[in-house]
Amino acid sequence: MTGELEKELADLRARVLRLEDEAAIRRLMAEMMAAADDRGHPDHAARLAAFYTGDGQWTSGAGFADVAMNERGRDAVLKKFTLGTRIRESSHLLGTEWIAVDGDAAQGRWLCFEPASLEGSGDTREAVWILGRYDCEFRREDGAWRVRTTRYDGIFCTPYDAGWEAARFVSVHPEAAGE
């Protein structure tokens, strides 16, 4: 084999690996969103924490600072998902993705549209539209991709019947249910 052909094969291998890594990260996010929507599962929080690295972190900013966690580690991620939110039903729909892989590390961004139901006081529920942005770091551990950090910035969480111009953010914090 000539040097030129060897270089071309090496380049093709690297491109295929990058595409396979991007596809694996895409599947990881899809599986994590499906697990997030399966709120009735008895191990809901543990299932979500399992998507993270041992030093994982989940934080939130704009619009959702009331459910932010700044601690690191799988126990902190488990605590975040155990504390939960007022969200009782949801469908996370990801779009406009961007993924960049660099060896065993990667970054990704997605917009997430989420029709959801929030728990209110008593037996009441409120239908809301949620739109936000996931900004994630990933790391390959033992041959599998895991989420290292998630930052979620809300764009709106608005009552279904009011729209985001009338009411930009409704709190999803569990303590808001009694308001």
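Here, each number is a calculation from the coordinates, and none is a lab measurement. All figures in this text were calculated on a predicted structure; none of them were measured in a lab.
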Base-10 log of normalised Debye intensity for the stretch 3-178 (one unit scatterer per alpha-carbon) at q = 0.15, 0.18, 0.20 Å⁻¹: -0.86, -1.17, -1.40
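Determine Rg/Rh for the stretch 93-179; Rg is computed over alpha-carbon atoms and Rh is the Kirkwood hydrodynamic estimate from the same atoms. If you can, show how the numbers build up before the last one.
On the way: Rg = 16.5 Å, Rh = 14.8 Å.
Checking Rg against Rh, the ratio lands at 1.12.
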Extended-chain gain in nm, criterion 0.36 nm per residue less alpha-carbon gap, Ala14 and Gln107: 31.7 nm
